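The values are calculated or read from the model by the stated rules, or taken from the named source; none is laboratory data. Worth saying up front: this structure is predicted, and the values here are computed from it rather than measured. When we count neighbours, we look across all protein chains shown, and the Cβ atoms used for this are built from the backbone with ideal geometry, even at glycine. The protein model used for the area step is the full one, side chains on, heavy atoms only, and it has no ligands, DNA or RNA in it. Shrake-Rupley method; radii C 1.70, N 1.55, O 1.52, S 1.80 Å.
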Amino acid sequence: MKNIFQKVVLALSAAALVFAAFPVTSAFAADDAPPASNERLEKAWARQLQAYEKIGNAFADVDAHVAKFQERIDKAAENGKDVAALQSALDAYAAALRSAQPIYASMESIVTTHAGFDASGKVTDAVQARSTMEQMRAKMQEIKSAMDGTFKALREAMKAFREANKPAEPKTDRDS
């Protein structure tokens, strides 16, 4: 029994040493990135186009968009509410929208030429496709930095305004 146990332990040890000699991870050269498949490029391009359209909806009618917020602020001011923080946040947001609008307009040429992609979004030249996607990413980063978090600040200002101006809860019979 002792002899069989020793043989099993020896065999397991030998197997462990053999497996320890092989690397666990795959070997890529340090400078080379793993190649992106055309399918991955196509999916990423589709996501970028969706983001482009979503941003376009925000820029569709900046004046009407800002006027809607301004109308709410004016109504609150008429009711005697303190709207200074809201007005400041809206002014910053409107200015950021107007400054980012030309950046968005410059993205149109990238989308219409869609170098490296065909009309249906399929990759025709992977190198050009990567370049196109990098250009789009750079423009989206420009828009993000131009907006500088102003929409989030406006949303937070609205949240703080609502919290500060909550209507008093009416007393019920149970409260008495």
Rounded to two decimal places and with Rh computed the Kirkwood way over Cα pairs, what is Rg over Rh for segment 57-176? 1.23
Given a 1.4 angstrom probe, what's the average accessible area per residue across segment 94-134, in square angstrom? 52 Å²
Residue-count net charge about Met107 - beta-carbon cut-off 14 Å; Lys, Arg +1, Asp, Glu -1: 0
Set of segment 82-126 residues, backbone N closer than 18 Å to the point 7 Å along the Cα-Cβ line of Glu156: 84-97
Determine how large the accessible area of Ile55 is when every protein chain is in place; take a 1.4 Å probe and give Å² rounded to the nearest 10. 40 Å²
What order do you get for 128-135, 77-84 when each peptide is scored by the mean count of other beta carbon atoms within 10 Å, highest first? 128-135, 77-84
Answer in debye to the nearest 20: the dipole magnitude of segment 46-146 about its Cα centre, from +1 Lys/Arg and -1 Asp/Glu charges placed on Cβ, is 320 debye
In the structure shown, do any of Lys75/Lys159; Lys144/Lys166; Lys68/Lys152; Lys122/Lys144; Lys43/Lys139 have a Cα-Cα gap over 23 Å, and if so which? Lys144/Lys166; Lys122/Lys144
